[in-house]
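One structure is given below, encoded as structure tokens.
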Amino acid sequence: MIPHLGISKARLALLLGALAMLGPFSIDTIFPAFAVMQGQLHVDKVAMQQTISMYLLGYAGMSLFHGPLSDALGRKPVILAGILVFALASVGCALAETMPQMLFFRIVQGLSAGVGLIVGRAIVRDALDGDDAQRLMSHISMIFGVAPAIAPIIGGWILGWHSWQAIFWFLAVFGILLLVAAAVALPESHP
């Protein structure tokens, strides 16, 4: 238990690990759908690769700002806003009918997906010191490390069951579930 936050280390590790999974899930779940998306959006392979490039551009750019924003506004509001934007961008991707629309929403996804990983590390730093902080970060990293392995499998299952748009609806639902979990269980570590 982390007394000043009122949350157990295991619960915090699970929650922050799930938040950190947003990034890899956003990238890897759509890989199985590339060929189908390519046909329906009437683009070539190079254009489909831009969905990853634009996402990573937004992800890298916003990574510079998540930390300072959470220092100024508090950790929890920045995480909640980021997850909400991620869920809305995922809905936008699901509804996209053209490649420019898809690229726009992928950039927005990238801008918001890193919030869990970046601000989560700041929460660990706020909550614990030394070996305890390193141990908690290793638990978060183990949870985070599962995402790139299972995301393409989940994307393939969803694609086999439904359309490529369902993958983005899945990401939106995943974001909403994380939003609710963070709103209810995540303590503010930097008021």
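Scanning segment 62-84 turns up one or more residues that are under 27 Å from Trp161 (Cα atoms), assigned to a helix (DSSP H, G or I) and under 17 Å from the mean Cα position of the chain (by Cα). Sort through Ala133, Ala182, Ala127, Ala149 and tell me the only one that's open to solvent by less than 40 Å² (accessible area, probe 1.4 Å) and free of Cβ contacts under 8 Å to residues at least 60 places away in the same chain. Exactly one residue qualifies, and that residue is Ala133.
For segment 105-112, state whether one or more residues are under 27 Å from Ala149 (Cβ atoms), charged (D, E, K, R) and at pLDDT 90 or above. Yes, segment 105-112 contains a residue that is under 27 Å from Ala149 (Cβ atoms), charged (D, E, K, R) and at pLDDT 90 or above. Mind checking which residues of segment 13-26 are more than 13 Å from Phe170 (Cα to Cα) and assigned to a helix (DSSP H, G or I)? Answer for segment 13-26, where residues must be more than 13 Å from Phe170 (Cα to Cα) and assigned to a helix (DSSP H, G or I): Ala13, Leu14, Leu15, Leu16, Gly17, Ala18, Leu19, Ala20, Gly23, Pro24. One residue alone among Leu69, Leu56 is at negative phi and either of a type in the set (Phe, Trp, Tyr) or surrounded by fewer than 18 Cβ atoms within 10 Å (Cβ to Cβ) (or both), and that residue is Leu56. Can Pro32 be described as open to solvent by 20 Å² or more (accessible area, probe 1.4 Å) and closer than 19 Å to Leu159 by Cβ? Considered against the rule, which asks whether it is open to solvent by 20 Å² or more (accessible area, probe 1.4 Å) and closer than 19 Å to Leu159 by Cβ, Pro32 comes out as yes.
Pairs, please: C-beta under 6 Å, at least 6 apart or cross-chain, first residue touching a residue at least 24 places away in the same chain (Cβ under 8 Å) and closer than 24 Å to Lys45 by Cα and in segment 12-34, second among the small types (Gly, Ala, Ser) and open to solvent by 20 Å² or more (accessible area, probe 1.4 Å)? Close Cβ pairs (under 6 Å, with a partner that is among the small types (Gly, Ala, Ser) and open to solvent by 20 Å² or more (accessible area, probe 1.4 Å)) amount to Pro32/Gly156. Can you confirm whether segment 28-35 contains a residue that is under 24 Å from Val173 (Cα atoms) and outside any helix (DSSP H, G or I)? Taking every residue of segment 28-35 in turn, at least one turns out to be under 24 Å from Val173 (Cα atoms) and outside any helix (DSSP H, G or I).
The values are calculated or read from the model by the stated rules, or taken from the named source; none is laboratory data. Everything numeric in this text was worked out from a predicted model, so none of it was measured. So basically every Cβ, Gly included, is an ideal-geometry build from the backbone, and we count neighbours across all protein chains shown. Accessible surface areas use protein heavy atoms only, side chains included; no ligands, DNA or RNA. Shrake-Rupley method; radii C 1.70, N 1.55, O 1.52, S 1.80 Å.
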